[in-house]
Amino acid sequence: MQLSLEDANKFVLDFVSEFRKKTFSRHRPSTRQAISMSSLLSTIYFKRGYLTIDDLIKVAVITTPPPYQEEALRVALKVTSKSKEEKHVASQPLPALPTLAFPLSIILPMLLSLPAMVHKFMRKVWSKVSSLNETLNTTLSIRKGATTFNEKAHMTRGRLASTLRNARASGTTTRLYYEHKRVTKCIKDHGTTAYSGKSLSFKRGAALSTKLTDRMRDSKSLVDSLKHKVMAKVRMSKRKLSRELKVKGAYRMSDAPSLNAGPGENLLREWYELKHYLPAKVRRELKEIVRETLIEYINVYTKLLTGTNKIGVLPSHAVKPCESPDLLEYVDLEETIENLLSKCKRLTEITYDDLMMRVPERGNNAIVLLLDASGSMSGEKLVIMTISAAIMLRMFSEDEVAFAIFESDVFRVKDIDERVDLNEVIDELLELESLGGTCVSRALLWAEEQFERSTSDTRILVLLSDLAFYDVGEAEYVLNRMISNNIKGFAIVPRLSYNIMMASSIERLGVTIIEVNDWKDAVSYLCSYISSSYYG
Amino acid sequence: MSFPTNVIERIKRSLNKAKTREREITIVLKGQYKEAYELLEDSESAGLTPAIIGPPGVGKTLLCRYYALMTKRSFYWITLDESTRPSHLIGTFNPAVVLSKGWCLEAFEPGPLTLAMIEGGVFVANELNRASEYTQNALLEPLEEGSYYIPHLGRVVAEDTFFFIATMNPQELAGVHRLSEALRDRIHVWISLTYPKKEVEFEIVRANCPEYYLPSDVLERIYKVVELTRHNEHIVKPASIRSSIAIARLVAQALKNDTYDDECFVKIAFSVLSGAVRTKPGVRKDLLIKSIISEALKQCN
């Protein structure tokens with residue numbers, strides 16, 4: 001199908017407005033994109049003389065930045081199919097009105113029965129509409145989050161109780177039950193003699209008893225089925241609610257980088273809790289969102305901590321030749337004059353290398369991060385430690401950093417002399433499972449090996465753990481050796497719960513214990529502790 | 001400091017050689033490359049700024065160079081990273097001249113961007129997303145206004161034929177180094193290049209080994225090895241076309257010397273791939289590469 005420029009412009013507007021409607025998308029096509037699309041389509045049109053639907057889709061995709069091109073393709077396909085349908089409808093000739101070809105003898109009775117038919121039809125429609133309306137209302141009530149899960153659970157529990165009460169009040173079962181009990185008791189207490197000569201009564205009592213037992217069984221099964229139904233409803237509403245929370249989480253993330261998604265819920269914690277229950281595709285998509293948000297947050301937070309200059313954890317100043325004319329503000333006049341005099345240079349021979357600048361720079365530190373992922377670290381603790389570890393990796397990116405995760409075993413993520421993309425590390429962190437015991441000594445031995453490979457004077461060991469170690473003796477031995485080798489040790493522990501005995505014992509060895517409530521504390525406390533331990 | 005005459009002569013010769021080489025580009029303009037080239041043409045006609053995205057070694061820079069050559073314009077390029085400053089793009093003042101003559105035009109040594117702007121040439125910013133935000137922001141003005149303010153001199157306005165192309169690595173795009181929102185909005189067309197199809201890659205390899213004869217079964221083997229690295233889940237950075245060419249040239253030389261056999265192929269492929277491929281942490285690269293090569297040989301035999 002050949003399209004004109006007018007069609008192309010209409011497509012551009014439809015595409016942009018449709019894309020902007022997508023609340024879950026993090027990309028909003030700008031006016032610049034709309035203009036670019038339009039100009040590119042015009043160019044293709046003037047080059048070839050016509051446009052095709054493929055051109056429209058291709059242009060929509062290539063003018064959208066790569067991470068969102070798949071979404072753009074979906075929107076473009078939707079818009080083009082819609083316009084195709086519209087065109088199809090518009091191009092169809094209007095159907096001719098049917099001519100009255102039936103004799104009145106057939107039509108009249110039909111016309112007479114019309115009100116009844118209409119009534120029947122309307123009733124059907126009405127019932128359909130009301131059921132739809134009901135479903136819509138339930139969905140809306142869940143979606144709006146007007147009733148939280150707890151309220152919902154209370155409501156359903158209340159409903160169960162009231163159903164039981166009603167069943168009791170409606171009486172038959174309970175009355176029959178008590179009657180049955182009384183009669184049985186009577187029979188037991190008085191024996192058959194109380195009813196001697198009254199075999200008929202006894203027989204009646206026995207028959208009544210059997211009947212009552214049957215009824216009781218029936219009523220019990222009724223109550224059971226009711227209970228199951230209510231429980232199923234509770235489960236369903238819970239599932240819907242959690243799905244809604246997830247959706248809300250995704251929506252919030254699009255607004256600003258935040259790890260707090262849902263009421264009081266942490267996005268990362270939600271991820272760790274939910275990841276096993278999600279279908280593969282949703283899991284993949286959610287992981288991408290969590291990773292993106294985490295990276296963004298790490299970037300923002302690291303910038304806040306370090307500022308725009310290069311002052312890092314261990315700030316220092318260095319005097320060196322000017323690297324670039326952009327850095328003229330750092331030129332140290334005294335050092336420059338001294339340098340020029342020592343080189344005996346004339347003014348006409350000066351180059352940028354002769355200008356000396358004093359720049360704040362980060363010390364070259366060797367840092368080993370050990371993250372505990374044992375069973376005791378599950379839940380909130382793991383979340384706090386994971387984010388802290390990720391932020392530290394970013395913050396110390398200019399330094400020599402090694403990173404390993406340990407439980408019963410040690411998993412090396414990054415060696416001290418290795419360059420690993422933060423994306424990959426975050427991928428590994430998101431796949432973390434808190435399992436197994438806590439054997440730290442092997443991780444410490446690995447850390448020691450990493451420090452040996454580094455030539456840096458400043459060597460820092462950061463342990464992110466709740467210190468619930470199995471191998472206390474070995475751990476203390478290795479830690480002692482490390483500290484005597486001038487390695488500074490810091491243990492970041494969750495204030496929620498950690499092994500106080502172990503903490504005090506390693507503190508005696510010289511390891512600084514940093515209690516944190518929140519992952520934000522972890523990094524800032526660590527920085528100030530490191531600075532104070534090196535600079536007093 | 002003065003150089004001996006023969007050194008100056010050699011430098012002159014080398015400069016001339018470089019100029020001639022710039023005019024000889026071996027490119028296979030088929031498939032995705034043809035599409036990308038056409039999109040570059042369309043973008044320029046529409047006055048839009050394109051960015052070419054693709055993994056290392058797919059021929060992004062080569063395509064840009066070819067585009068400049070075909071449109072008979074000067075070609076300037078710079079590879080950006082975190083240490084690149086705006087002055088590397090725009091240019092600097094020579095402090096010695098400034099001290100003797102003041103802030104004058106004579107003291108200014110233009111950078112590649114300024115040169116491309118005033119000559120109306122093609123400027124390629126390689127790995128744009130690796131630059132710091134400070135440097136990225138310096139590009140906003142040339143992209144938006146087609147001009148740049150040079151302190152002490154004034155505003156430089158670009159010629160109409162000035163064309164800016166950015167190239168990027170997709171892996172970096174999703175990760176830590178990302179484009180600022182402002183710059184991303186000023187790049188209008190995103191052209192994706194991936195590893196080419198088998199036939200195109202064969203042609204590229206052949207075109208880059210003009211002095212050798214390469215039988216198709218050898219090419220098939222080379223392609224299989226390289227392709228397996230591109231689909232292996234333990235490999236972060238797979239082998240590029242450059243690796244294919246390197247293996248092909250070494251194999252062709254072995255064929256010429258009559259020393260080519262399976263063992264020789266394994267040795268060549270291993271030595272090229274162990275430098276070209278990057279694996280995920282914790283994966284033994286040597287074992288992985290050996291298994292890939294043996295798998296490729298098995299599949300081809």
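Throughout, read-outs are computed from the coordinates displayed, never taken from laboratory work. What you are looking at is a predicted structure, and each value in this text was computed from that prediction instead of being measured. Every residue, glycine among them, receives a Cβ derived from its backbone with ideal geometry; neighbour counts consider all protein chains shown.
Miscellaneous remarks
- Burial ordering of A:Trp126, B:Trp103, fewest other beta-carbon atoms within 10 Å first: A:Trp126, B:Trp103
- Contact order normalised by residue count of the range A:5-88, Cα under 8 Å, 6+ apart, percent: 34
- Couplings for the range A:399-407, taken from phi via the Karplus curve 6.51 cos²θ - 1.76 cosθ + 1.60 with θ = phi - 60°, read 9, 8, 10, 10, 9, 9, 10, 9, 9 Hz in order; Gly and Pro are left as x.
- Using the Cβ-Cβ distance between B:Ser291 and B:Glu106 with R0 set to 60 Å, the FRET efficiency works out to roughly 0.45.
- Debye intensity ratio I(q)/I(0), log10, the range B:198-301, q values 0.12, 0.21, 0.25 Å⁻¹ (C-alpha model): -0.35, -1.06, -1.46
- Alpha-carbon spread of the range A:5-88, three principal axes, descending order, Å: 37, 28, 18
- If R0 is taken as 41 Å, the Cβ-Cβ distance between A:Leu13 and B:Lys267 corresponds to a FRET efficiency of 0.10.
- Each label was represented as a point 7 Å from its Cα along the Cα-to-Cβ direction; for A:Arg346 and B:Asp81 these points are 3.8 nm apart.
- Percent RCO, i.e. relative contact order, over the range A:365-535, from Cα pairs under 8 Å lying at least 6 residues apart: 26
- Residues B:Thr61, A:Thr64, A:Thr80, sorted so that the one with the fewest Cβ neighbours within 10 Å comes first: B:Thr61, A:Thr80, A:Thr64
- For A:Ala468, residues with placed amide H under 5 Å, excluding near neighbours: A:Asn499
- Amide H contacts of B:Val236 (H built 1.01 Å from N, in plane; Pro and chain starts excluded): B:Arg278, B:Thr279, B:Lys280 sit under 5 Å, all sequence-distant by 5 or more or on other chains.
- What you get for the range A:329-481, charging only the Cβ of Lys and Arg (+1) and of Asp and Glu (-1), is a dipole of about 240 debye around the Cα centre.
- Using the Cβ-Cβ distance between B:Glu211 and A:Tyr477 with R0 set to 51 Å, the FRET efficiency works out to roughly 0.20.
- Dipole of chain B, positive end: most advanced residue of B:Ala166, B:Ala296, B:Thr26 [Cβ charges, Cα centre]: B:Ala296
- Volume of the Cα convex hull of chain B, divided per residue and given in Å³: 175
- Long pairs among B:Lys198/B:Lys267; A:Lys320/A:Lys345; A:Lys22/A:Lys275; A:Lys275/A:Lys381; B:Lys34/B:Lys197; A:Lys287/B:Lys280, criterion Cα-Cα beyond 21 Å: B:Lys198/B:Lys267; A:Lys22/A:Lys275
- For the range A:365-535, a Kirkwood hydrodynamic radius built from all Cα pairs, placed in the Stokes-Einstein relation at 20 °C and 1.002 mPa s, yields a translational diffusion coefficient of 138 µm²/s.
- Test item: Cα-centred dipole of the range A:5-88, Lys/Arg +1 and Asp/Glu -1 on Cβ, debye: 240
- For B:Ile165, B:Ile241, order by how many other beta-carbon atoms lie within 10 Å, fewest first: B:Ile241, B:Ile165
- Nonlocal amide H pairs with A:Ala402, under 5 Å, H built at 1.01 Å: A:Ile367, A:Val368, A:Leu369
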